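The values are calculated or read from the model by the stated rules, or taken from the named source; none is laboratory data. Bear in mind the structure is a predicted one, so any value in this text is a computation, not a measurement. All Cβ positions, glycine included, derive from the backbone under ideal geometry; neighbour counts span all protein chains shown.
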Amino acid sequence: MKNDLPERDGLPEHLKVLLDNYPREGWSKHRNFSELTKFWLNRHIMFRKALETLRSEGDHFLDGTRDPQHYAALITKVGGFFINELHLHHHMEDQHYFPLLIRQDARLSDGFELLDSDHHQLTELLEGMAKSGGDLVNKIRSKSEASMFAADNLQKILRRFDRFMDRHLTDEEELIVPIILEYNPQINL
């Protein structure tokens, strides 16, 4: 399906109805741009940076410029943080933000179904990432010769995940921030 996360190259046109009125470059200057919205967008930046760190460190490990034990510790720390925080982030969106925001503009209800579908797809990828990362850490710690193969496998998963997550985060931002700017819903957590 064209709107499926792996196939999508942006929000479907019918979901850009508010984005056309609120282009990204003006968001932070809008009177309804709140500290909570800024915090939420900064979480997205944090996820992108954590994923970039994992990919960059994996490249260094594969080219032999990163100590294996350092890399294993980084996978455990940054990878665990990334996975746990992303699960929590999606839970907060699904349980608190989305139910409130979906009521603001019925024209955009398909967008929330799209984002919910993305969350399910990303969860499956996160599970694969966790399994692959755990396998790699075990191989590094046991000094297995298969650690390079396992690292390459994790890099492939991270590249795929990075592409999908960036698409999801961008689409989510471009759907939600214009709703906040237009309707100024009172979001309390």
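Computed values, structure above
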{"quantity": "Close pairs from segment 164-175: first more than 12 Å from LEU15 (Cα to Cα), partner among the hydrophobic types (A, V, I, L, M, F, W, C) and crowded, with 21+ Cβ neighbours inside 10 Å, Cβ under 6 Å, at least 6 apart", "calculated": "PHE164/LEU5"}
{"quantity": "Odd one out for ASN184 among (1) under 19 Å from ASP67 (Cβ atoms); (2) polar (S, T, N, Q); (3) in contact (Cβ under 8 Å) with a residue 24 or more places away in the chain", "calculated": "(1)"}
{"quantity": "Members of segment 125-147 that are more than 30 Å from HIS168 (Cα to Cα) and either surrounded by fewer than 19 Cβ atoms within 10 Å (Cβ to Cβ) or touching a Leu at 6+ places or on another chain (Cβ under 8 Å) (or both)", "calculated": "ASN138, ARG141, SER142, LYS143, SER144, GLU145, ALA146, SER147"}
{"quantity": "GLY26 being surrounded by fewer than 15 Cβ atoms within 10 Å (Cβ to Cβ), on the phi > 0 side of the Ramachandran plot and either of a type outside the set (Val, Ile, Thr) or at pLDDT below 95 (or both)", "calculated": "no"}
{"quantity": "Options LEU100, LEU86; residue that is surrounded by fewer than 20 Cβ atoms within 10 Å (Cβ to Cβ) and touching a residue at least 40 places away in the same chain (Cβ under 8 Å)", "calculated": "LEU100"}
{"quantity": "Residues within segment 124-147 that are in a helix (DSSP H, G or I) and either farther than 21 Å from LYS77 by Cβ or acidic (Asp, Glu) (or both), tallied", "calculated": "3"}
{"quantity": "Segment 63-110, residues that are of a type in the set (Ser, Thr, Tyr) and either more than 19 Å from the chain's Cα centre (by Cα) or modelled with pLDDT of 95 or more (or both)", "calculated": "THR65, TYR71, THR76, SER109"}
{"quantity": "From SER28, SER56, residue being over 19 Å from LEU108 (Cβ atoms), hydroxyl-bearing (Ser, Thr, Tyr) and more than 19 Å from the chain's Cα centre (by Cα)", "calculated": "SER28"}
{"quantity": "Condition met for LEU181 (assigned to a helix (DSSP H, G or I), within 22 Å of ARG48 (Cα to Cα) and at pLDDT 95 or above)", "calculated": "no"}
{"quantity": "Residue tally, condition among the basic types (Lys, Arg), in contact (Cβ under 8 Å) with a residue 24 or more places away in the chain and farther than 17 Å from LEU175 by Cβ, over segment 32-64", "calculated": "2"}
